[in-house]
Amino acid sequence: MAMDPDDLNTERIATVFGGTGFLGRRIVKRLLERGFTVRAASRHPARVGPVFSSTARMPEAVEADILDASSIGSAIAGSQAVVNAVSLYVEQGAQTFERVHVKAAADLAAASRDGGVDRFVQISGIGSDPQSDSKYIGARGRGEEAVASAFPGAFIVRPAVMTGPDDVFLTTIVRLIRLLPVYPLFGDGGTRLQPVYVADVAEAVGRLIDGRNHKGSFTLEFGGPRIYTYKELLREIARQLGTHIRLMPVPFAAWGALAGVAELLPAAPITRNQVDLMRHDNVAAIGAPGLKELDIEPRGIEEVIRLIDRRA
């Protein structure tokens, strides 16, 4: 059953798990702008109000834990669309990559299917691979398979590394370029990246759910307008900031050891799965459906760097 985009008299409900996160909150805002009634499902519903205090319309704060299958049903009841934007970067106790990215994602997809949800969007990432030796990358890949099996026709959205004025990627690089006399590279800096603006990804998800601009592919890869090597990206950021940068290659083995220690800290500045991701190119596959198919012209890093620089 497809949603009828022309029926503006019918309340359209969308539930977003991870709706207060970096991408999730932007998806919520786009859906509100498109006239949806939006539920932001979270283990901590009290956080929803402060996150969306400046928006014209507020989402409904719903208490639900994606790890607790019994709490999912009431959160998605009556929804036409469900988005899973929950992500985990460091395993802690029962919160493992397998539990969050595979089991919980499959549970949510199955509950959505059984509940009559029309559209399901699973946020994954470029490079997800069920056969990967990396626990994180492998779990993301198996999660895609589990969702596709539980909810045939689910949209699998794979963004490249996402950027925004409040990200942990470009923001960190900008700060360190200003601070460090020599900038350490991942390996020789040859890994290729295609950074995508988080607002463009959120808009794309909004269009997938709204159904007015989409013509049928179930797995989409979202990348920005330009591909850089990591070394080229650092030099471009430095150029945008009007500063000089000296680069130093650092072996991946050293990064892995450093990240293993960093993960013991309350807020790890770098994790081993982030190091694993930097070992592989992070670019959209040639010919893969993406932003172009949704009539979105991707924005480059220049705008994000200006926003970050303005906040500094």
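Values quoted throughout were computed directly from the atomic coordinates according to the rules given, and no laboratory measurement underlies them. None of the values given here were measured: they were computed from a predicted structure. All Cβ positions, glycine included, derive from the backbone under ideal geometry; neighbour counts span all protein chains shown.
Where does helix 24-33 land angle-wise versus the long Cα axis of the chain, in degrees 0 to 90, nearest 10? It works out to around 50 degrees.
Scaling against 2.2 N^0.38 Å puts the C-alpha radius of gyration of segment 103-164 at 1.14.
Measuring nothing but how far apart in sequence close Cα pairs (under 8 Å, 6+ apart) lie, relative to its length, segment 156-233 scores a relative contact order of 48 percent. Label-to-label distance for L265 and R175 is 0.9 nm, based on points extended 7 Å past Cα in the beta-carbon direction. For the pair A46 and E98, the difference between a 0.36 nm per residue extended length and the Cα-Cα distance amounts to 16.0 nm. The C-alpha atoms of the chain define a longest principal axis, and helix 230-241 lies at about 90 degrees to it.
Using a cut-off of 30 Å between Cα atoms, the listed pairs K29/K103; K135/K292; K29/K135 include K135/K292; K29/K135 as exceeding that distance.
Fraction of C-alpha pairs exceeding 22 angstrom in segment 188-312: 51 percent, rounded to a whole number. In square nanometres and to one decimal, what's the mean projected area of the convex hull around the Cα atoms of segment 82-222? The directionally averaged projection comes out at 10.3 nm².
Of all the options P50, P159, P184, the one that moves most in a Gaussian network model of the chain with Cα springs shorter than 10 angstrom is P50.
Computed packing ranks the peptides 25-38, 276-289 as 25-38, 276-289, most packed first, by mean other Cβ atoms within 10 Å.
The calculated FRET efficiency for S71 paired with D129, based on their beta-carbon distance and R0 = 35 Å, is about 0.70. The Cα trace of segment 225-280 gives Rg and Dmax of 13.7, 36 Å, the first to one decimal, the second as a whole number.
With N set to the number of residues, divide the alpha-carbon radius of gyration of segment 151-237 by 2.2 N^0.38 Å and report two decimals.
On the way: Rg = 16.1 Å, N = 87, 2.2 N^0.38 = 12.0 Å.
Normalised by 2.2 N^0.38 Å, the Cα Rg of segment 151-237 equals 1.34.
So if the hydrodynamic radius of the chain is defined as the Kirkwood radius over C-alpha pairs, what does Stokes-Einstein give as its diffusion coefficient at 10 °C and 1.306 mPa s, in µm² per second? This corresponds to a translational diffusion coefficient of 79 µm²/s.
So for segment 76-164, averaging the separation of alpha carbon pairs under 8 Å that are six or more residues apart and normalising by length, what relative contact order in percent results? Mind dumping the intermediate values first?
Working: 143 pairs, mean separation 29.1, N = 89.
Relative contact order comes out at 33 percent.
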